[in-house]
Amino acid sequence: MHKVLNAKSFWTFVCFVAFLFFTTSLITKMWWLNIFTMVLGLAFKYYGDSICFPERAKQHKEREERVQTYLEKRQELNSSYVRSKRNRK
């Protein structure tokens, strides 16, 4: 089962099924079918996106690391500013 969940073909199939539910709900106006579309879409987003698009996952991880280093530098600057302001009083 673990091997199946890590296969691109499985997640591609999940996307096509979600699209099928969506188009079916539009054509038949059975809007409750969109619940399945949302569930499958969220499953793909959280589990299948990094399997189908590994380069995007790599870019996302690098971006998160850059943001984290920026936030750490920013926190350091803010704390040094607060310390210097306290020392002036």
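Just so you know, all these numbers are worked out from the coordinates, no wet-lab data involved. This structure is a prediction, so every number in the text was calculated from the model and none was measured. A quick note on method: Cβ atoms are made from the backbone with ideal geometry, for glycine too, and the neighbour counts reach across all protein chains shown.
Quick look at the numbers
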quantity: Estimated FRET transfer efficiency when R0 is 41 angstrom, pair Thr69-Thr24 (beta carbons, to 0.05); calculated: 0.35
quantity: Per-peptide average of other Cβ atoms within 10 Å, ordering 23-31, 50-58 highest first; calculated: 50-58, 23-31
